[in-house]
1. Within region 74-123, which residues are of a type in the set (Ser, Thr, Tyr) and closer than 21 Å to Ile39 by Cα?
2. Regarding Val76, is this residue more than 19 Å from Met164 (Cα to Cα) and touching a Gly at 6+ places or on another chain (Cβ under 7 Å)?
3. Is it the case that Tyr142 is under 18 Å from Ala25 (Cβ atoms), in the same structural domain as Cys191 (by TED's automatic domain parsing), at pLDDT 95 or above and surrounded by 15 or more Cβ atoms within 10 Å (Cβ to Cβ)?
4. Could you check how many residues of region 155-176 are in contact with a strand residue (DSSP E or B) (Cβ under 6 Å, 6 or more places away or on another chain) and either surrounded by fewer than 21 Cβ atoms within 10 Å (Cβ to Cβ) or free of Cβ contacts under 8 Å to residues at least 24 places away in the same chain (or both)?
5. Restricting attention to region 196-245, which residues are assigned to a loop (DSSP other than H, G, I, E, B), in contact with a helix residue (DSSP H, G or I) (Cβ under 7 Å, 6 or more places away or on another chain) and among the hydrophobic types (A, V, I, L, M, F, W, C)?
6. Read through the list (1) among the small types (Gly, Ala, Ser); (2) outside the structural domain of Arg146 (by TED's automatic domain parsing); (3) not in a helix (DSSP H, G or I), then give the number of the only condition that Ala122 fails.
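The values are calculated or read from the model by the stated rules, or taken from the named source; none is laboratory data. Given the structure is predicted, the values throughout are model-derived calculations rather than measurements. Please note: Cβ atoms are built from the backbone with ideal geometry, for glycine as well, and neighbour counts cover all protein chains shown.
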Amino acid sequence: METPVLDYGSRGRIGLLLPSVNQAAEPQIRAMLPRDVGIAVTRLKLVDSSELGLLSMTHDVEAAAALLADAGVDLVVFHCTAVSTYSAELEASILERIGVATGLPATATSQSLVAALDAMRARRVVLLSPYTEEVNKRETAYFVRRGFDVLGNVGLNCSTGREMMAVTPEAWQAFALSQVQTEAEAYVLSCTTVRTAEAIESLECSLGSPVITSNSAVAWDCMRRLGISAVVPGYGRLLGHVAGH
């Protein structure tokens, strides 16, 4: 009988801080990484996208990040788009707190999205999300502050994770195709707990532009930060690039 060969992260280990309600990030990011890149996950309480709910996710950042450090990760990611784009000041505070608590490099979904758009040389972008108008306004302000021209930001007005997960990949595809902007250089499907991974390649064929999701941006950016060179097919142009370069 042949002995199974397992890899526990020989090329690097990524620690993810996820909203407690998230059902999509783990399977998607696992699929978007080579088998020899490991992930460890800890959750922070978040069940809806109200302002109070979003800000409460930051309360236990230090303790949660320290648990990931115990697992021997090389990098900690605060992986929630709505919280990390709440404001540049909150983003900076979260990353500083993680660094102090763990002594490890830290990043956030917001930074990964910016890096991914830069890699695609996209400044004029369309943001599509499951969020409410209030969350979308803050997200738009964040990307404008980072130097992007946001041509549109439309949400599906979902407020809970279960509502977000109920939107099918086919519905995301139809939604994106209804929001075409001829000047767009990239489309961002925002949020970590949505079923957008399956729609990336089909949308890129239809739109003729890069399509980046919160999860594909983080998978790509983590490999880049860890110096891991890999091409992962099936999830669009971004992961079709050699991430470590």
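1. Looking only at region 74-123, we keep the residues that are of a type in the set (Ser, Thr, Tyr), and these are 81, 84-87, 93, 102, 107, 109-110, 112.
Result: Thr81, Ser84, Thr102, Thr107, Thr109, Ser110, Ser112.
2. Values: more than 19 Å from Met164 (Cα to Cα): yes; touching a Gly at 6+ places or on another chain (Cβ under 7 Å): yes.
Yes; evaluated as a whole, the condition is true for this residue.
3. Numbers: under 18 Å from Ala25 (Cβ atoms): no; in the same structural domain as Cys191 (by TED's automatic domain parsing): yes; at pLDDT 95 or above: yes; surrounded by 15 or more Cβ atoms within 10 Å (Cβ to Cβ): yes.
For Tyr142, the condition - under 18 Å from Ala25 (Cβ atoms), in the same structural domain as Cys191 (by TED's automatic domain parsing), at pLDDT 95 or above and surrounded by 15 or more Cβ atoms within 10 Å (Cβ to Cβ) - is not met.
4. The qualifying residues number 2.
5. Quick first cut of region 196-245, residues assigned to a loop (DSSP other than H, G, I, E, B) only: 196, 208-210, 226-236, 241-245.
Filter once more, keeping what is in contact with a helix residue (DSSP H, G or I) (Cβ under 7 Å, 6 or more places away or on another chain): 196, 210, 230-236, 241, 243-244.
Of everything in region 196-245, those that are assigned to a loop (DSSP other than H, G, I, E, B), in contact with a helix residue (DSSP H, G or I) (Cβ under 7 Å, 6 or more places away or on another chain) and among the hydrophobic types (A, V, I, L, M, F, W, C) turn out to be Ala230, Val231, Val232, Ala243.
6. Failed condition: (2).
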